Amino acid sequence: LVGSEMCIRDRLNALLHLHAQGAHDDDWVLVHDAARPNLSRGDLDTLLYELADDPVGGLLAVPARDTLKRADSNGRVTETVDRSLIWQAYTPQMFRLGALHRALADSLVSDVSITDEASAIEWAGQSPRLIEGRSDNIKVTRPEDLEWLRQRRDFKG
């Protein structure tokens, strides 16, 4: 299995476990990336409040701040992207258990490239809502990310 396929299977197993524990299809499920250790309580509360009655669900996200460039395979700029329409997807992402399970399972069967829960929901024909979160809810994927978090926590003292 490729990495993303394994992640989808892991998510599906977790959702099946929730079903086995008595959760229902219309219960909310939050999926959070452990590589984002700086989630604020305020962002979590806002996400829960804003999506409580939403028919689809959604995710924390941050509007793009930097100028974005599209490049060709040689690393040459081919265009500047309109950042006013671009958001960076963060976690947690919050969807109904049944809808998320169906979207993930169907995407796996259809061999669709899914990058996160929101992309599975999008692929299933729904439009997740973006809830603006804090930009310091970074994903720790590089050594400098971890160093930034350490410095920030030391500074906050």
Just the residues that are in contact (Cβ under 8 Å) with a residue 12 or more places away in the chain, under 22 Å from residue 121 (Cα atoms) and part of a loop (DSSP other than H, G, I, E, B), please, taken from the range 17-40. 23, 24, 25, 26, 27, 32, 33, 35, 36
Residues that are closer than 20 Å to residue 43 by Cα and out of contact with any helix residue (DSSP H, G or I) (no Cβ under 8 Å at 6 or more places or on another chain), drawn from the range 106-131: 116, 118, 130
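Name the strands (runs of 3 or more DSSP E) wholly inside the range 55-156 in which the number of residues that are within 15 Å of the chain's Cα centre (by Cα) is 1 or more.
Numbers: elements: 57-63, 68-71, 77-81, 87-96, 129-132.
Of the strands (runs of 3 or more DSSP E) lying wholly inside the range 55-156, those with at least 1 residues that are within 15 Å of the chain's Cα centre (by Cα) span 57-63, 87-96, 129-132.
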Quickly run through the range 59-102 and pick out the residues that are of a type in the set (S, T, N, Q) and surrounded by 13 or more Cβ atoms within 10 Å (Cβ to Cβ). 88, 91, 93
Among all residue pairs at least 6 apart or on different chains, which show Cβ distances below 9 Å where the first residue, located in the range 41-62, is under 13 Å from residue 118 (Cβ atoms) and of a type in the set (Val, Ile, Thr) and the second is modelled with pLDDT of 95 or more and surrounded by 10 or more Cβ atoms within 10 Å (Cβ to Cβ)? 56/95; 56/96; 56/99; 56/121; 56/126; 56/127; 56/128; 56/129
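The values are calculated or read from the model by the stated rules, or taken from the named source; none is laboratory data. Since the structure is predicted, the reported quantities are computational estimates derived from the model, not experimental observations. Note that we place each Cβ from the backbone using ideal geometry, even for glycine, and neighbour counts take in every protein chain shown.
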